[in-house]
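Since every read-out is calculated from the coordinates, none of them should be taken as a lab result. Keep in mind the model is a prediction, meaning the values are calculated, not measured. Note that each Cβ is placed from the backbone with ideal geometry, even for glycine, and that neighbours are counted across all protein chains shown.
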Amino acid sequence: MKNLVICASLLVGLAGGAYAQKKSQYIPEIHGTIRGKYEYQFEENKGRFQVRNARFSLSGKVAPIVSYKAEIDLSDEGSIKMLDAYARITPLKTFDITIGQMRVPFTIDAHRSPHQQYFANRSFIAKQVGNVRDVGATLAYTWEIGIPVRLETGIFNGSGLTNQKDFWTNRINYSAKAHLQLPQGFNLVGSVQKISPENVSIQMYDIGAYYHAGRWHIEAEYLRKHYAQGAFKQVNAFDGFVCYDQPLPKVFQKISFLGRFDCMSDHSNGKAGENGLLVIDDAARKRLTVGTTLSLAKPFVADLRINYENYFYGKDAVVAVSEKDKIVVELMVRF
């Protein structure tokens, strides 16, 4: 009888443990990113403190193949924005279907979350030219053809994040992205996207490659933006950078030395001015950025980023106040 009681107790314990383990699989995960920075502009002889991001996200599963994510930024340059809000079905390890609000699958650098960025400020491709979030549905599939290949494709409203309720369209906005993981740390990424802000169709093409192995990360990316019916001259943008990591014995885990060159031609978001013509939202520019990142914990968990940015403009360019030569000191914390 005693042995029977012991066996029964063990079975109950195992069943309870299995239930607890199964239940724990559906406990939501909470993550956040806080980025506080100080910038000093030499031409203006002025500085400012800024909370660039205060992001919080909730993600998890409601079933073995059904997951979700909701992310909000309480301080995206001082504004509150709902960023991600989607549900995902993963019937196979290599295949998933996503519907909701999300980052459109396009480019390399624009797809990085704030805690994954190498520099304090994003490249022109990530901030001005190729930065698109929208509402729609995507399919993603990964397969082996001697090397891992991931293909993502989707269709979207073209309404952006805030104009969904009364937005109806017969235009198809789409995006497709292919990622090839080559041997020895090399990667090749190509993507294409069509958007339709207001009544202008814009086609974008992006090709990039990066090498990530050991202490090195080397990356280059080119984007071309074409406006239908000659509504605006074509836009070209480039981003290239190098990062080298040096481990440290105390206090900081490592120090990274970084250098970047990026540039863009005159750019329009596709919105017309009072005369009906597309206006230049961002003047053509070139920029050199050098800096260091001191990592207090694992990479992209607690980083102190120190950057110097040197801008180059044409003679008659209209320059935004925040897009001038400056030094940036930023503390990024990810939890």
May I ask which residue of G270, S256, S295 lies farthest towards the positive end of the charge dipole of the chain, with charges of +1 (Lys, Arg) and -1 (Asp, Glu) on Cβ and the Cα centre as origin? S295
Charge dipole (the chain, unit charges on Cβ, about Cα centre) - positive-most of L92, V149, V318: L92
W168 to E44: FRET efficiency via 1/(1 + (r/R0)^6), r the Cβ-Cβ distance, R0 56 Å, to the nearest 0.05? 0.80
Ordered by residue, what ³J(HN,Hα) values in Hz, to whole numbers, does the stretch 120-125 give under the Karplus form 6.51 cos²θ - 1.76 cosθ + 1.60, where θ = phi - 60° and Gly and Pro are x? 5, 10, 5, 5, 4, 4
Amide H of N173 versus every other amide H placed in the peptide plane: which residues, excluding those fewer than 5 positions away on the same chain, fall under 5 Å? F156
The chain, dipole about Cα centre (Lys/Arg Cβ +1, Asp/Glu Cβ -1), debye to the nearest 20: 980 debye
Let me check I've understood the local charge: for A213, count other residues with C-beta under 14 angstrom from its C-beta, Lys and Arg +1, Asp and Glu -1. What total comes out? -1
In order through the stretch 171-182: 3J(HN,Hα) via Karplus (6.51 cos²θ - 1.76 cosθ + 1.60), integer Hz, x for Gly, Pro: 8, 9, 9, 9, 8, 9, 9, 10, 10, 10, 8, 7
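Which links in K61/K81; K250/K326; K127/K194; K177/K225; K233/K286; K69/K298 stretch past 22 Å when you go from one Cα to the other? Show your work: numbers first, answer last.
Values: K61/K81 24 Å; K250/K326 30 Å; K127/K194 17 Å; K177/K225 16 Å; K233/K286 18 Å; K69/K298 24 Å.
Where the Cα-Cα span goes over 22 Å, the pairs concerned are K61/K81; K250/K326; K69/K298.
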In the set (i) 1.03; (ii) 0.96; (iii) 1.14, which value of Rg/Rh (Cα atoms, Kirkwood Rh) was calculated from the structure you see? (i)
I want to check the label-to-label distance for Q229 and E77. Put each point 7 Å from Cα in the C-beta direction and report it in nm to one decimal. 2.9 nm
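Enumerate by residue number the GluC sites (Glu not before Pro) in the stretch 163-233 meeting two conditions: DSSP loop (anything except H, G, I, E, B), and at most 13 other Cβ atoms within 10 Å of the site's Cβ. If you can, show how the numbers build up before the last one.
Numbers: sites: E198, E219, E221; in loops: E198.
Filter output for the stretch 163-233: E198.
Determine the gain in length on full extension of the stretch A63-I280; use 0.36 nm per residue of separation and subtract their C-alpha separation, reporting nm with one decimal.
Numbers: separation 217, 0.36 × 217 = 78.12 nm, distance 4.77 nm.
73.4 nm is the gain from fully extending A63 to I280.
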Restricted to the stretch 29-334, the DSSP antiparallel beta bridge percent, nearest 5, is 100 percent
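Determine the gain in length on full extension of the stretch F56-I27; use 0.36 nm per residue of separation and subtract their C-alpha separation, reporting nm with one decimal.
On the way: separation 29, 0.36 × 29 = 10.44 nm, distance 1.62 nm.
That works out to 8.8 nm of additional length.
Would you mind counting up the charge near G190? Only other residues with Cβ under 11 Å from its Cβ, with Lys and Arg at +1 and Asp and Glu at -1.
Charge balance in the 11 Å sphere: -1.
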The chain: most fluctuating residue of V251, V319, V200 per GNM, C-alpha cutoff 10 Å: V251
Cα centre as origin, Lys/Arg/Asp/Glu Cβ charges: the stretch 189-335 dipole, Debye: 420 debye
Angle between the Cα long axis of helix 2-24 and the longest principal axis of the chain, 0 to 90 degrees, nearest 10? 10 degrees
